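Beneath this line is the structure, given in structure tokens, with notes to follow.
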Amino acid sequence: MSDAFLIVAFLIGYLLGSIPFGLVLTKLAGTQDLRTIGSGNIGATNVLRTGSKGLAAATLIGDMLKGTVAVIFAGYYGGANAAMLAALGAFLGHLFPVWLKFNGGKGVATYIGVLIGLFWPAALIFCLIWLATAFTTRYSSLSALVAAFVTPLFLWWFGHPALASLFVVLTLLLFWKHSENIKRLQAGTEGRIGAR
């Protein structure tokens, strides 16, 4: 496969990742503009603040699947390197969508989605760690951060150094996008799951 397809794989990933499912679904449902409520974020957690668990679940699935589809498509036609570039593109697309002036979500669902496409056991481990941390602390953001921190280590341990390197980059970006959450966690002001 030519190097040209690697560029195509990245661009396909980016364009798929840029689809703001939270914003699209809430607009179709006729709710208030998602960017004007809660955190102003376009992800599933903020969609939940509209009061619709169904829309939040649909957003979560959409944001995951756009990463998975990008990876599987690129991998099928271009191999492992194309799949990894599509994963990077999809993640960057979600964080910095061209349609929303490069102001996107925090990337957790898309992170899981590209993991599913690249090495699904790591996605399973991510979700289990997220659930365990959420159950014990009731902090959604902390759960995502802990699970993301472990992911590159898990990939390296299971003999996937290239994937581990990719997810070091994605994890650093995810931590950066959660910088305000980290500050609130340190200050003890971060909202807990289920809190009013």
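Can you send over the carbon and sulfur percentage of the accessible area for segment 1-150, probe radius 1.4 Å, protein chains only?
Values: 5120 of 7070 Å².
Of all accessible area on segment 1-150, carbon and sulfur atoms account for 72 percent.
Helix 3-17 against the longest principal axis of the chain: what's the angle in degrees, Cα atoms only, rounded to the nearest 10?
20
Which value, in Å³ per residue, describes the convex hull spanned by the Cα atoms of segment 1-112? Let's see the in-between values first.
Details: hull volume 9.0 nm³, N = 112.
Value for segment 1-112: 80 Å³ per residue.
Please report the equivalent ellipsoid semi-axes of segment 147-196, computed as sqrt(5 x eigenvalue) of the Cα gyration tensor, largest first, in whole Å. Numbers along the way, then the final one.
On the way: eigenvalues 161, 27, 11 Å².
Computed over segment 147-196, the values are 28, 12, 7 Å.
May I ask for the angle, rounded to the nearest 10°, between helix 108-137 and the longest principal axis of the chain, with both axes built from Cα atoms and the value confined to 0 to 90°?
Orientation of helix 108-137: about 30 degrees from the principal axis.
Quick check for you: with a 1.4 Å probe and neighbouring chains kept, what is the accessible area per residue of segment 38-121, in Å²?
43
How are the Cα pair distances of segment 82-186 distributed, in percent, across 5 Å bins from 0?
In order of increasing distance, the bins hold 2, 13, 24, 25, 19, 11, 5, 1 percent.
Count neighbours as other Cβ atoms within 10 Å of each site's Cβ, and list the chymotrypsin sites (Phe, Trp or Tyr not before Pro) in segment 1-43 that are DSSP loop with at most 16 such neighbours.
Numbers: sites: 5, 10, 14, 21; in loops: none.
Within segment 1-43, no chymotrypsin sites (Phe, Trp or Tyr not before Pro) qualify (loop, at most 16 other Cβ atoms within 10 Å).
Can you tell me the dipole magnitude for segment 99-196 around its Cα centre, using point charges on the Cβ only (Lys, Arg +1; Asp, Glu -1), in Debye to the nearest 20? Each step should come with its number before you reach the end.
Details: 8 positive and 2 negative charges, 73 e Å.
Charge dipole of segment 99-196: 360 debye, to the nearest 20.
Which chymotrypsin sites (Phe, Trp or Tyr not before Pro) does segment 125-194 hold that lie in a coil by DSSP with at most 15 other beta carbons within 10 Å? If you can, show how the numbers build up before the last one.
On the way: sites: 126, 130, 135, 139, 149, 154, 156, 157, 158, 167, 175, 176; in loops: 139, 158.
Sparse-neighbourhood loop chymotrypsin sites (Phe, Trp or Tyr not before Pro): 158.
Please work out the FRET efficiency for the pair residue 27 and residue 176, using the Cβ-Cβ distance as r and a Förster radius of 35 Å; give the result to the nearest 0.05.
Values: r = 28 Å, r/R0 = 0.79.
According to the calculation, E is roughly 0.80.
Hey, got the Cα dimensions of segment 1-61 along the principal axes, in Å, largest first?
Principal axes ranked by extent give 48, 20, 18 Å for the Cα atoms.
Helix 53-95 versus the longest principal axis of the chain: what is the Cα-based angle in degrees, 0 to 90, to the nearest 10?
Compared with the principal axis, the helix lies near 20 degrees.
Return an integer: the convex hull volume of the alpha-carbon atoms of the chain, in Å³ per residue.
Values: hull volume 22.1 nm³, N = 196.
That works out to 113 Å³ per residue.
Which one of 136, 191, 149 has its Cα pushed farthest toward the positive end of the charge dipole of the chain, where Lys and Arg give +1 and Asp and Glu give -1 at the Cβ?
191
The values are calculated or read from the model by the stated rules, or taken from the named source; none is laboratory data. None of these values were measured; they are calculated from a predicted model. Positions of Cβ are backbone-derived with ideal geometry, glycine not excepted, and every protein chain shown enters the neighbour counts. Accessible surface areas use protein heavy atoms only, side chains included; no ligands, DNA or RNA. Shrake-Rupley method; radii C 1.70, N 1.55, O 1.52, S 1.80 Å.
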